[in-house]
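Here the structure is laid out as structure tokens; the discussion comes afterwards.
The values are calculated or read from the model by the stated rules, or taken from the named source; none is laboratory data. Remember, it's a predicted structure, so these values are computed and weren't measured experimentally. Here the Cβ positions follow ideal geometry from the backbone for every residue, glycine too, while neighbour counts run over all protein chains shown. When the accessible area is computed, the model is the full protein with side chains, heavy atoms only, and any ligands, DNA or RNA have been set aside. Shrake-Rupley method; radii C 1.70, N 1.55, O 1.52, S 1.80 Å.
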Amino acid sequence: MAKLVVCTIMSLDGFYAAADGNPLVLPMDAAFDAYNLERIEAAGSLLLGADSYRMFMGFWPAQADNPEASAVNRRFGEIYGRIDVGVVSDTLTDEDIAPWADRTTVVRRADAERWVKELKQRAGGDIVTFGSRITWNALLRAGLVDELHLIVGAKALGEGKPIFTQPVEGLTVTEVRRLDGSDNVVLRYATTG
């Protein structure tokens, strides 16, 4: 059975983004990119919310052939150019997914838990979620997230969007890793479902 792995960055004080919703205020450095590349290379598919889908698919596939992009970002572009993506959304349109319709499955929020359970049974490789805080928090609440990879950035925001939308218990730390050349650390947790 495939694992659903959430990989996300947060501030030292537990925020996912600034108060205006901008996650780019967090220290997403080369080590952050390299760690996320490890996760996507182990993935059989991606699971995203609509906003993350629009942002990532609007950026990453074009990086594969971008001579100015780093080698890590070009590799991300290659993977985003071919990987199957599930999107939990009640708002995405056919136009939104048109460039990637052959490998994008849009799942309505009301169907997300059932669909993820089925995907976990048939997927090869991990199902990885980047960003998509609302989507993965709902799946965590439903007991469907298997691992949390929290990249803690060396920055406190003071206010913003909290990483968790509800209290969370039943986490077991499986790894604590300082990212090479960075002040960011990875806190990796298994969930008890």
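Residues in the stretch 1-41 that are under 28 Å from residue 113 (Cβ atoms) and open to solvent by 50 Å² or more (accessible area, probe 1.4 Å) were compared, and the one that is modelled with the lowest pLDDT is 1. The residues of the stretch 160-193 that are open to solvent by 40 Å² or more (accessible area, probe 1.4 Å), of a type outside the set (Lys, Arg) and either in contact (Cβ under 8 Å) with a residue 40 or more places away in the chain or in contact with a helix residue (DSSP H, G or I) (Cβ under 6 Å, 6 or more places away or on another chain) (or both), listed by number, are 162, 164, 165, 180, 181, 183, 189, 193. Can we say residue 154 is open to solvent by 10 Å² or more (accessible area, probe 1.4 Å), small (Gly, Ala, Ser) and in a strand (DSSP E or B)? Considered against the rule, which asks whether it is open to solvent by 10 Å² or more (accessible area, probe 1.4 Å), small (Gly, Ala, Ser) and in a strand (DSSP E or B), residue 154 comes out as no. Restrict the check to the stretch 118-129 and report whether at least one residue is part of a loop (DSSP other than H, G, I, E, B), within 26 Å of residue 59 (Cα to Cα), open to solvent by less than 40 Å² (accessible area, probe 1.4 Å) and in contact with a Phe, Trp or Tyr (Cβ under 7 Å, 6 or more places away or on another chain). Checked against the condition, which is being part of a loop (DSSP other than H, G, I, E, B), within 26 Å of residue 59 (Cα to Cα), open to solvent by less than 40 Å² (accessible area, probe 1.4 Å) and in contact with a Phe, Trp or Tyr (Cβ under 7 Å, 6 or more places away or on another chain), the stretch 118-129 yields no hits at all.
Conditions tested, residue by residue: (1) under 16 Å from residue 2 (Cβ atoms); (2) of a type in the set (Gly, Ala, Ser); (3) out of contact with any Pro (no Cβ under 7 Å at 6 or more places or on another chain); (4) modelled with pLDDT of 95 or more.
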position	(1), (2), (3), (4)
100	no, no, yes, no
103	no, no, yes, no
115	yes, no, yes, yes
122	yes, no, yes, no
135	no, no, yes, yes
152	no, no, yes, yes
161	no, no, yes, yes
177	no, no, yes, yes
188	no, no, yes, yes
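For the stretch 101-116, a tally of residues being under 23 Å from residue 38 (Cβ atoms) and crowded, with 17+ Cβ neighbours inside 10 Å returns 1.
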